[in-house]
Amino acid sequence: MRLILVGPPGAGKGTQATAITKRYGIPHISTGDMLRSAVKAGTELGKKADAYMQRGDLVPDDLVIAMVIERLQQPDCVNGFLLDGFPRTRAQAASLDAALEANDLALDAVVLINVPDDLIVERIVGRRMDPVTGDIYHISFNPPPAAIASRVVQRKDDTEEAVRTRLEKYVSETAPIVPFYQDKDILKRVDGVGSPAEVAERIAAALAM
Ligand code: AMP
């Protein structure tokens, strides 16, 4: 299965990606996670990406595209992958398309998770991440277990201002990739309002069609 997960920030992509990759036994490739690791490790890429990410801006295409193409060449991608947070621009979608085509590969589906704006803000502001496992929680909807509650952290770009910028970027830069995949007839639209289990069921049903 070669899949892409698209949706606004706070749509539940990270949570759903965990469920999907478990079900299909494919690697979860999150460009946000990869970039956060690079920032933490202080690599050249991380140094370049840090300021963009803190503002909620997109990291330049050339940096992200090179990072993803290299990742897709790793042996664990041979039976498929789930891309989460990539492509996020038309240029990224075109580069991915060219790279897959050059290897005679095609995408199976692009899952678009739709969530209304007011719910996005509520979800993001309460979002916390376990830095040890990468698991995602919400202070009211899905509180972390007591044993790890003291170590969960809020992402630096989960501030209201950065979230507003990220939403604007989603509308101006990322939403335009949707028709690109619709034209290829591989787009699956899924309602992202509901519990993680409900949304996971909708995704499984959409992928089985
Ligand atoms: P995410 O965890 O997917 O919300 O990504 C967090 C941040 O990482 C984004 O706000 C961007 O600054 C950066 N980022 C992640 N993926 C991409 C991408 N495909 N293109 C450009 N920037 C990205």
What does the helix-only formula give at 222 nm for the chain: each DSSP H stretch with n ≥ 4 adding -39500 (n - 2.57), the total divided by the residues, and the result rounded to the nearest 500 deg cm²/dmol?
-> -14000 deg cm²/dmol
Arrange the following residues from fewest to most other Cβ atoms within 10 Å of their Cβ: 3, 207.
-> 207, 3
What is the spin-label model distance, in nm, from residue 90 to residue 150 if the labels are put 7 Å beyond Cα along the C-beta direction?
-> 5.2 nm
Between Rg and the Kirkwood Rh of the range 22-131, both from Cα atoms, what is the Rg to Rh ratio?
-> 0.97
Restricting things to alpha carbons, tell me how big the chain is in terms of Rg and Dmax, in Å.
-> 16.4, 49
Net dipole in debye of the chain [+1 Lys, Arg Cβ; -1 Asp, Glu Cβ; about Cα centre; nearest 20] | 440 debye
The lysines whose Cα lies under 27 Å from the Cα of residue 40, excluding any fewer than 8 residues away in the same chain, are 13, 22, 48, 156, 169
Note on the range 1-92: contact order normalised by length, alpha-carbon pairs under 8 Å, 6 or more apart, percent, works out to 49 percent
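Every read-out reported here was derived from the displayed coordinates using simple, explicitly stated rules and does not represent laboratory data. The model shown is predicted, which means the values in this text are computed figures rather than measured ones. So basically every Cβ, Gly included, is an ideal-geometry build from the backbone, and we count neighbours across all protein chains shown.
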